[in-house]
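**Student:** Please read through the structure below; I'll follow up with questions.
Read-outs: derived from the displayed coordinates by stated rules, not from any lab. Remember, it's a predicted structure, so these values are computed and weren't measured experimentally. No Cβ is skipped: glycine too gets one built from the backbone with ideal geometry, and neighbour counts run over all protein chains shown.
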Amino acid sequence: MGSRIVGKKKRNLIIAFAIIYAVIAAGLYVFVYLIPHISGVLTTTYIVKAVNMDNYYNGTAIVVRDETCVFGNASGTVTYYVNESEKTRVGTRVADIYTSNDRIGLFCPVTGFVSFYYDGYEDVLTPTSVLTMDPAEYPDIQNHFISTEKTGVEAGDFIYKVVDGGNWYLLLTVTEEQLQTFRIGSNIEVLLEDGTVLTAEAERVLGRDKLAVMAKVLSYYPDFCKKRTLNARVSTKQTKGLGIPVTSVAYDEEEKPGVYVLGTDGEYHFTRVNILDEKDGNYAVSEDQFTELQSDGSEKTIYSISLYDEIIRDVSEQYKK
C-alpha cells in the first residue's frame with residue numbers, strides 16, 4: 001500500500017512539473033510572438049488626408065486712396081451730371097454751379113471714379129504720405145464720411161472728388177507673429193463682412209515698433225470711394241499638400257523629418273517628409289515626392305508619403321531614431 005502512495009505522489013509531481021513547463025512555454029510564446037503583433041494592433045494611427053492650410057487673422061483694414069478734390073469757386077445752386085462711384089474720363093462735365101448771372105462748369109480733372117463722399121483724410125492717407133508715417137501715428141479712423149451732394153453751395157465748399165482706380169491700397173496693422181505669414185510680393189485675400197472677397201498684393205512692411213503691411217488692391221469694390229475702414233478676415237497664405245499631426249513626425253540620424261508608414265508587411269517604416277507649413281498642431285507636407293539639394297549642388301528626388309497612407313499618430317521614444 002505504501003508503494004502505491006509513493007507512485008501516486010510521483011505522478012502528481014510529474015503532472016505539476018508538466019503544467020509549470022507548459023505555462024512557462026506558453027508565456028514565452030506569447031512574449032516572443034504575440035506581444036509585438038498585439039502592440040502593433042493597439043498602435044494609434046492616422047490616415048493621411050489632403051489639406052489646404054489657410055493662415056488668416058481678423059482685423060481692420062485702413063483704405064488708402066489717391067484722390068483729387070474739387071471745390072466750388074462761387075456760391076449758387078448745383079446740378080450734377082455724374083452718379084456716385086461712376087468712372088469718368090478727364091474733361092467730362094461733372095456739375096454746374098448756377099450763380100445769379102452765370103453758369104460755371106466743373107470738369108473732371110483726371111480720369112477716375114467720381115464720389116461725393118468726404119471724410120477729411122483725402123490729403124492725409126495717400127499712397128505717398130503713408131510711406132513716411134509710422135503705424136503708431138495712424139489716426140483713430142472711423143467711417144465718418146458725409147455725402148456732400150446738395151443743391152446749394154458756397155464758394156470754397158467741397159463739391160466732389162475723383163478717386164484714382166489704379167491706386168487703391170489697404171493698410172493692415174499686424175503683430176510680429178502675423179507678419180511672419182505674409183510673403184511680400186505675393187497675393188492675399190481679404191474677406192469683407194458683406195461677403196466680398198478682395199485680392200491684394202502685399203507690397204511692403206511699414207513701421208518699427210508697430211507694424212503694418214501695405215497691400216495694393218487688385219479688384220474693384222464699389223464702397224472704396226467712401227469707406228475708410230473695413231472689417232476683414234485677411235488670408236495671408238494658403239498651403240496645399242498632405243496634412244499630418246505634428247506628433248507623428250520623428251527625425252533620423254541626420255535630423256531630417258519623417259513619419260512611420262504602415263507597409264504591406266504589417267511593419268512601420270520610416271519615410272521622409274518635406275514640411276511646408278504648420279498650423280494648429282498639424283503640418284502640411286509634400287505629396288508623394290520632393291527634391292532635396294545635395295552638398296554638391298545637385299538635386300535628389302526623395303520619395304515620400306501618399307494620400308491615405310496609414311501612419312503612427314503619436315511617435316513614442318521607441319520609434320524615434
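**Student:** So how many Å³ per residue does the convex hull of the Cα atoms of segment 90-208 work out to?
**Tutor:** Value for segment 90-208: 151 Å³ per residue.
**Student:** Another one. Length gain on complete extension for the stretch T45 to S147, per 0.36 nm per residue less the alpha carbon to alpha carbon distance? Mind showing how you got there, number by number?
**Tutor:** Numbers: separation 102, 0.36 × 102 = 36.72 nm, distance 6.20 nm.
That works out to 30.5 nm of additional length.
**Student:** Where in segment 106-122 does the label zone of A74 land, with the point 7 angstrom along Cα→C-beta and an amide N cut-off under 11 Å?
**Tutor:** Under cut-off, by backbone N: 106.
**Student:** What's the FRET efficiency of E193 with E154 using the Cβ-Cβ distance as r and R₀ = 41 Å, to the nearest 0.05? Numbers along the way, then the final one.
**Tutor:** Details: r = 37 Å, r/R0 = 0.90.
E(calc), rounded to 0.05, equals 0.65.
**Student:** Considering only C-alpha atoms, what is the centroid distance from segment 181-225 to segment 247-320, in Å?
**Tutor:** Between the Cα centres of segment 181-225 and segment 247-320 lies a distance of 35 Å.
**Student:** Additional query: Would you kindly derive the ³J(HN,Hα) couplings of segment 123-130 from the backbone phi angles with the Karplus curve 6.51 cos²θ - 1.76 cosθ + 1.60 (θ = phi - 60°), listing them in order in whole Hz, with x for Gly and Pro?
**Tutor:** Whole-Hz 3J(HN,Hα) from phi for segment 123-130: 9, 9, 10, 10, x, 8, 5, 5.
**Student:** Work out, step by step, the length gained on full extension between V205 and V90: first 0.36 nm times the residue separation, then minus their alpha carbon distance; give nm to one decimal. Write down the numbers at each step before the final one.
**Tutor:** On the way: separation 115, 0.36 × 115 = 41.40 nm, distance 3.35 nm.
Using 0.36 nm per residue and subtracting the Cα-Cα distance, I get 38.1 nm.
**Student:** While we're here: Given labels modelled 7 Å from the Cα in the Cβ direction, how far is it in nm from D102 to E255?
**Tutor:** Placing both labels 7 Å beyond Cα along the Cβ direction yields 7.9 nm.
**Student:** Let me ask you something else. List the residues, sorted by chain then number, that are 5 or more residues from V94 or on another chain and whose placed amide H is less than 5 Å from its amide H.
**Tutor:** The answer is L106, F107, C108.
**Student:** Give, rounded to the nearest 20 debye, the magnitude of the charge dipole that segment 197-315 has about its Cα centre when Lys and Arg contribute +1 at Cβ and Asp and Glu contribute -1 at Cβ.
**Tutor:** On the way: 15 positive and 21 negative charges, 301 e Å.
With only Lys, Arg, Asp and Glu charged at Cβ, the dipole is about 1440 debye.
**Student:** Quick one: what are the phi-derived ³J(HN,Hα) couplings along segment 246-251, Karplus 6.51/-1.76/1.60 with θ = phi - 60°, whole Hz, x for glycine and proline?
**Tutor:** 3J(HN,Hα) across segment 246-251, in whole Hz: 4, 5, 8, 8, 10, 10.
**Student:** Here's another thing I want to ask about it. Q180 versus F270, label points 7 Å from Cα toward the beta carbon: distance in nm?
**Tutor:** 2.7
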